[in-house]
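The values are calculated or read from the model by the stated rules, or taken from the named source; none is laboratory data. As the structure is a computational prediction, the values presented were derived from the model and not from experiment. No Cβ is skipped: glycine too gets one built from the backbone with ideal geometry, and neighbour counts run over all protein chains shown. The area values use the complete protein model at the heavy-atom level, side chains included, leaving out ligands, DNA and RNA. Shrake-Rupley method; radii C 1.70, N 1.55, O 1.52, S 1.80 Å.
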Amino acid sequence: MSAPNPASTGLFINGQRETGQDVRIGNVTAALAVANIVKTSLGPVGLDKMLVDDIGDVLITNDGATILKSLEVEHPAARVLVDLANLQDQEVGDGTTSVVIIASELLRRGNDLVKNGIHPTTIISGYRSALKAAVSYIKKEMVVHVSELGDEHLINAAKTSMSSKIIGKEMDFFSKLAVDAVKSVKMNATLADVAGYEAMGSGRGDVAAVTEAAPGKKQRYKYPLSAIHILKAHGKSSTESHLIGGGFAINAMRAAQGMPTFVESTDGNPVKIAMLDMNLQRHRMGMGVQVIVKDPAEIENIKKREMDITKERIRKIIDAGARVVLTTKGVDDLCMKYFVEAGIICARRCNREDLKRLAKATGGRVVTTMADMEGNETFDVDCLGASDSVREVRIGDGEMLYVYGCKGHGASTIVLRGANEYMLDEMDRALHDSLCVVKRMLESNTLVPGGGAAEAALSVALDDYANTIESREQMVISEYADALLVIPKTLAVNAAKDASELVAKLRSVHAKGQHSEDASDDALKFMGLDLVDGTIRDNLAAGVVEPAISKIKSLRFATEAAITILRIDDRITLNDMKGLLSSDVATKPGTDIYIYHMLEKKLSS
C-alpha cells in the first residue's frame, strides 16, 4: 500500500509509507534479484560475471562478495544481503555466494508461509530452532576432527575453494602454494586467540572459562594473513608464480644505477633496513618563513646550510648502520650521491602499507620524523629492521627488491605472474579465499565434506526433527530443511545436470545412512555430488572438504539476515525537505507541512 499524501500517512512531514505484505513482497523480490545475480557463479563449474563501471573499467570475477560489492544496490533489504556477503568474506573468507543464496531462499519460503497465514513471529522462532538443531547436528555428526592436520587435508580444502576460480585448472600448483604460504607465518597463539578459537568453535561466548583452561592445553598457533604479502607482476605463465618463504618483496627499484644490486650480511651481522615516511631532499624553508638578508654573501651560506642539514640527516641514518633505505617520499640527486658513495641501496616512492608490513616482518619501525624530545635530530637504531640479504630482481618489465630472511615476525610474499591485469586481480581474489580457508582449518582443526553433502544431511535431519515438534513451528522447520537443498540444486543446475534426480538420490542416500542400524551405513553421511560425472560419491574420501567453521558461520549469517528482513512490516521513505517546501503541498492550508512551513517563516522573521 503506497500513500504519497502526507495527510493519509499521518506523518508530520511528507513521505511514503508501505505496510504489511507489500513491504515483505518488495523486500523478498529485491533479495531474490540480488541472489539471482550470483546464483550461476556457484560451484566448480560456475560462470563468471563481467562488471563494467561508469568510466568503462572492466571487472571479470565469480567471487560473490566482489560481485555484490561492485553493484550499486539502492534497495535497503537488498543491501542487507550485500553486507551479509562482506561479513562472510571478512569472517571466513569463502562461502560468500552460498550464504547469499541460502538467505534469499529462506526469505522466499518465509514469505510464502506468511501468505499461508503463519505469523512472522512464529517463522522467526522456527528459523532459530532449526538453526540451533542444524549447528548441533553438524558438530555432532558431520564434523571430522583432525588433531594433526596433514598437508593432504589442507591441500584438499584449498583445492575445493579454488575449484570454481580462474586458477582451478592449476589447483594442484596453487593449493600447495597457499598451504606453504600460510604455514610459513605460523606464530604462537596468545590466550585471547585460543579463547577466540574455542568460543567460535563451540558457538558460546564463554571466553573466560576457556582462557583459564588454556594454559594446561597443548600449544595452539595462529596464522596472521596480514603477514602474507601478495605482489602482482605482468608476464609469464600463472604457474611461474612463486613463494618467497620467510622473505618479503616490495615493488620498488634502486633510485640510482650506481647503487649495488644486492647487499648481504657480513660476519654474522644482518643487513639493517631503514624505513622512512619523510622526504630525503634538500631542506627548504617552511611556508610563510621570511629571511631578510643584508649581505648577499649570506645567501650562499644559507644554501650551504640547507645542504648540510640534509647531509647530517643522511649521515645519522648511515651511522646507525643502515645498508638499505626505503622511503615513501622523494630522494633528490644530492642525497643519492651520499648513498652511492656509502654503497647503500635506496628506493623512493614506496607504498606506505608495504613499508608497514616490511617493518613488522623485519622487526623495525617506520620513521616519520627524526626529531627527538629535546628538539634535536637523531635516528634511533631500534627503528632499523634486520634481514639476511636484500637483492634487486628483474620481474617482467620492471625491478623489485627482494628481502630474504626477515628477522622479525613471520612474513612471506607470493609473487603472482599472469597475462594481464584482469587475470592477476582474479588470481589474487581466488588465492585470498584459499588462504583464508587454510588458515581457518589450521586454527580450528575441523572439516566437513563439501559438494552439497552437509546441506543434504541437514535437510534429512531437520525433517526428522520437525516431526517431533507439536506446534506450528513444525511447518517452518520443514521449510528450513527444504531451503537448504537450494545449494545442491544450484550446484547441479550450474553443472548442466538433472538437479531433481541428483538431489532426490542424495536425500535418499542420507536418509538411509541416518535411519539405518547398520554401522557400515554410517559413512553415507559424507555422500555428496560429483559434478563432473553427475553421480553421488563419498566427498570426504574424494577430498572435497571445507572448514567446519565456514559451514556453521554461513548458516548463522544467512538465518540472521533472513530473520532481519522478515521482521520488517513497515517502511517509511521521507521526501526531500527542500523540494517539499517549494511544492504545492506546502501552500495548502490545513496540511502538516503548511503549518510547519508557516512556523519556520515566523521563527526566521
Q | Only listed residue being without any contact (Cβ under 8 Å) to a residue 40 or more places away in the chain and crowded, with 20+ Cβ neighbours inside 10 Å, chosen from L491, L502 | A | L502
Q. Could you list, in sequence order, the residues of region 416-453 that are in contact with a helix residue (DSSP H, G or I) (Cβ under 7 Å, 6 or more places away or on another chain), polar (S, T, N, Q) and farther than 22 Å from S226 by Cβ?
A. T446
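Does N27 meet the test of being in contact with a helix residue (DSSP H, G or I) (Cβ under 6 Å, 6 or more places away or on another chain) and at pLDDT 85 or above?
Values: in contact with a helix residue (DSSP H, G or I) (Cβ under 6 Å, 6 or more places away or on another chain): yes; at pLDDT 85 or above: yes.
Judged against the criteria, N27 is a match.
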Q | Search result, residues across region 429-445 that are at pLDDT below 85 and hydroxyl-bearing (S, T, Y) | A | S444
(Q) With the condition being open to solvent by 70 Å² or more (accessible area, probe 1.4 Å), I'd like the strands (runs of 3 or more DSSP E) fully within region 315-413 carrying at least 2 qualifying residues. (A) 389-395
Q.
Please go through region 510-530 and give me each residue that is crowded, with 23+ Cβ neighbours inside 10 Å and within 29 Å of the chain's Cα centre (by Cα), ordered by number.
A. F526, G528, L529
**Q.** Contacts under 8 angstrom Cβ, first residue in region 342-361 being at positive phi, partner aliphatic (A, V, I, L, M), 6 or more apart
**A.** G343/M259; G343/V263; R349/A252
Q) What are the pairs, 6+ residues apart or on separate chains, where a residue within region 79-90 that is among the basic types (K, R) has its Cβ under 7 Å from a residue that is buried (at least 17 other Cβ atoms within 10 Å of the Cβ)? A) R79/V73
Q. Could you say whether any residue in region 270-288 is free of Cβ contacts under 8 Å to residues at least 40 places away in the same chain, open to solvent by less than 70 Å² (accessible area, probe 1.4 Å) and not in a helix (DSSP H, G or I)?
A. yes
Q. So which of L47, L51 ends up being modelled with pLDDT of 85 or more and either in a helix (DSSP H, G or I) or over 23 Å from A103 (Cα atoms) (or both)?
A. L51
(Q) So A33 passes all but one of these: (1) over 27 Å from G534 (Cα atoms); (2) in contact with a helix residue (DSSP H, G or I) (Cβ under 9 Å, 6 or more places away or on another chain); (3) open to solvent by 50 Å² or more (accessible area, probe 1.4 Å); (4) in a loop (DSSP other than H, G, I, E, B). Which condition number does it fail? (A) (4)
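Look through region 438-453, keep the residues that are in contact with a Gly (Cβ under 8 Å, 6 or more places away or on another chain) and part of a helix (DSSP H, G or I), and return whichever of them is farthest from P44 (Cα to Cα). Break it down into steps so the answer makes sense when it comes.
First, pick out the residues of region 438-453 that are in contact with a Gly (Cβ under 8 Å, 6 or more places away or on another chain): 439-440, 444, 446, 449-453.
Of the ones still in play, those that are also part of a helix (DSSP H, G or I) are 439-440, 444, 453.
Numbers: K439: 21, R440: 21, S444: 25, A453: 15 Å.
Per the criteria, the residue is S444.
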Q.
I'd like to know if region 124-138 contains one or more residues that are touching a helix residue (DSSP H, G or I) at 6+ places or on another chain (Cβ under 7 Å), surrounded by fewer than 17 Cβ atoms within 10 Å (Cβ to Cβ) and free of Cβ contacts under 8 Å to residues at least 40 places away in the same chain.
A. no
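Quick one: which of E306, E264 is open to solvent by 80 Å² or more (accessible area, probe 1.4 Å) and either closer than 28 Å to L355 by Cα or of a type outside the set (A, V, I, L, M) (or both)? Reasoning before the result, please.
Values: E306 fails: open to solvent by 80 Å² or more (accessible area, probe 1.4 Å).
The match here is E264.
So which of R537, R507, R556 is within 13 Å of G450 (Cα to Cα), open to solvent by 50 Å² or more (accessible area, probe 1.4 Å) and among the basic types (K, R)? Lay out the reasoning, then the answer.
Numbers: R507 fails: within 13 Å of G450 (Cα to Cα); R556 fails: within 13 Å of G450 (Cα to Cα).
When all the criteria are applied, what remains is R537.
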Q) Considering region 417-448 alone, what residues qualify as being buried (at least 22 other Cβ atoms within 10 Å of the Cβ) and touching a Ser or Thr at 6+ places or on another chain (Cβ under 6 Å)? A) G418, D433, S434, V437
Q: Please give the number of the condition V476 fails out of (1) over 28 Å from D89 (Cβ atoms); (2) surrounded by fewer than 20 Cβ atoms within 10 Å (Cβ to Cβ).
A: (2)
(Q) Take the residues in region 58-102 that are in contact with a Leu (Cβ under 6 Å, 6 or more places away or on another chain) and of a type outside the set (V, I, T); name whichever of them is most open to solvent (accessible area, probe 1.4 Å). (A) S70
